[in-house]
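The values are calculated or read from the model by the stated rules, or taken from the named source; none is laboratory data. Keep in mind the model is a prediction, meaning the values are calculated, not measured. Here the Cβ is made from the backbone with ideal geometry for all residues, glycine too, and neighbour counts use every protein chain on show. The area values use the complete protein model at the heavy-atom level, side chains included, leaving out ligands, DNA and RNA. Shrake-Rupley method; radii C 1.70, N 1.55, O 1.52, S 1.80 Å.
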Amino acid sequence: MRTIRKAIIPAAGFGTRFLPATKAQPKEMLPLINKPSIQYIVEEAIASGIEDILIITGRNKRAIEDHFDHNVELENFLKKQGKLDEYSEVLKIATMADIHFIRQKEQLGLGHAVLCARCFVGDEPFAVLLGDDIIDNPSKPALLQMVEQYRQYGKTVVGVQPVPTAEVSKYGIISGRQIGEALYELDDLIEKPAPEEAPTNLAIVGRYIIHPEIFAILAETKPGRGGEIQLTDALRELCTKQGMQALALQGERHDIGDKWGYIKAILSFALRSDELRDKLTAFLREQLQERIPVAP
Ligand code: UTP
C-alpha cells in the first residue's frame, strides 16, 4: 500500500533546553506569532494528505488537547461579538482533522514514543512528524515531498537536510549513496556521531515515513545513547532488513525546542507577514543602529 493515511506527532519530551517555559506546558504549544507550533505541524500533515493524527503527549498534555478541541464558550462569545474571522479561525482548529491522543507514561525516548502508537497504526506505513521541528515551505509541505517520494518507491524514507559539520553530533546522520537529485539509498544511520566519524553532513530532520515492521524492532530495542530508546537505532535495523531512502527536503527548518531556533522561527514568520514585516524591519534597524557604532 503506497498511501499514507496516518501520522504520529511525538510531543512528550521534557523540553529541557527550554526550561522553565516547558515546566508546565509542552514546548509544542509555544507560539510562533499567534499559532502554537504544533498547529503548523498538524496543518502540514493535513496538507500532505493525512487523515488521522495521533499526538503522543506527556504529563502536561492538557494544553494540546484543549487546543484541538471545541471551546464552546469562546465560540459563542466571538459569534455574539460579531468577531467572525476569529470565530471561524477557532472553529477550524477543532474540526481540521481526526486528532487522537495517547499518553507516553514514562519519557523513555523517541523510539518508545513511536512504539506507543503501535495499535493506532496497525499494519500500514505511517508518517512521523516531530512536534518541535518546523519545516517551512509554503509551496510544498515537507511531508508531501516525502509522500510523493514514497508513492514512487514504496520504501521507508527519512527527511534530511545538510547541517554544518561541527553540528553533526546533535543529529541522526545518514550514510549512503545519492541516486537522484535529492534522493539517497541508505546503508546506515548513525545517532549523534562525532564530526570525524560522520559519513555525511546530512541530518535527519524530524520527518519520517516508516513501514510498520518498525514496531516489532522497537519492542526489542534496548536503551541506547543517553539511556533512551532511540528511533534511529530501530531504523538502522529496519534499513538492514528492508533498505531505506533519504530525501533532502526543501524548506527552511526551525528547531523550536532550541532558544535560538525559536527566535529565528518567529523572525522568519514575522518577516513574511504583511501585518508585521514593516514594523519588525523598522524596529530591527533602530536596534542595530543603537548597538553597532557607526564608522567615523
Ligand atoms: P528531543 O530530543 O528534542 O527531547 O525530542 P526533548 O525532551 O523534547 O527536548 P530537550 O532536548 O530535553 O530540550 C525529540 C522529539 O521526540 C519527542 C519530543 O517531544 C520531540 O518532539 N519525545 C522525546 C517524546 O515524545 N518522548 C520522549 O520520551 C522523548
**Study point:** Pairs of alpha carbons in the stretch 177-261 whose separation is greater than 19 Å (percent)
**Key:** 48
Practice item. Mind listing the long-range amide H neighbours of Ile55? Cut-off is under 5 Å, sequence gap 5 or more, other chains count too, H placed in the peptide plane at 1.01 Å from N. Key: Ile9, His100, Phe101, Ile102
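What number, rounded to the nearest 500 deg cm²/dmol, is the helix-based mean residue ellipticity at 222 nm of the chain, given -39500 (n - 2.57) per DSSP H run of at least four residues and division by all its residues? Present the calculation step by step, with values, prior to reporting the outcome.
Numbers: 11 runs with 108 residues, N = 296.
Helix contribution divided over all residues of the chain: -10500 deg cm²/dmol.
For the chain, take the convex hull of the Cα atoms, compute a quarter of its surface area, and give me that in nm², please.
Details: hull surface 75.0 nm².
Computing the convex hull of the Cα atoms and averaging its projections yields 18.8 nm².
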**Study point:** 3J(HN,Hα) from dihedral phi, the stretch 155-166, Karplus parametrisation 6.51/-1.76/1.60, rounded to Hz, x for glycine, proline
**Key:** 10, 3, 9, 10, x, 10, 8, x, 10, x, 3, 5
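For Asn137 and Arg118 in the same chain, what is the full-extension length gain: residue separation times 0.36 nm, less their Cα-Cα distance, in nm? Kindly include the intermediate steps, with their values, before the conclusion.
Values: separation 19, 0.36 × 19 = 6.84 nm, distance 2.96 nm.
Length gained between Asn137 and Arg118: 3.9 nm.
If you roll a 1.4 Å probe over the heavy atoms of the protein chains, what accessible area per residue do you get for the stretch 144-251, in Å²? Please report the intermediate quantities before stating the final value.
Numbers: 4700 Å² over 108 residues.
For the stretch 144-251, the solvent-accessible area averages 44 Å² per residue.
First select every other residue whose beta carbon is under 12 angstrom from the beta carbon of Thr232; then total the charges, Lys and Arg +1, Asp and Glu -1.
On the way: positive: Lys192, Arg225, Arg236; negative: Asp188, Glu191, Glu228, Asp233, Glu237.
Once all neighbours under 12 Å are counted, the net charge is -2.
As a quick test, which of the pairs Lys23/Lys170; Lys23/Lys92; Lys61/Lys155 have an alpha carbon distance above 30 angstrom in this structure? Display every interim value, and only then the final one.
On the way: Lys23/Lys170 23 Å; Lys23/Lys92 28 Å; Lys61/Lys155 33 Å.
Pairs exceeding 30 Å: Lys61/Lys155.
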Revision key, fill the gap. Other residues with Cβ under 11 Å from the Cβ of Val128 give, with Lys and Arg +1 and Asp and Glu -1, a net charge of +1
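What full-extension length gain, to one decimal in nm, is calculated for Glu196 and Glu213 as 0.36 nm per residue of separation minus the Cα-Cα distance? If you can, show how the numbers build up before the last one.
Numbers: separation 17, 0.36 × 17 = 6.12 nm, distance 3.22 nm.
The Glu196-Glu213 span can extend by a further 2.9 nm.
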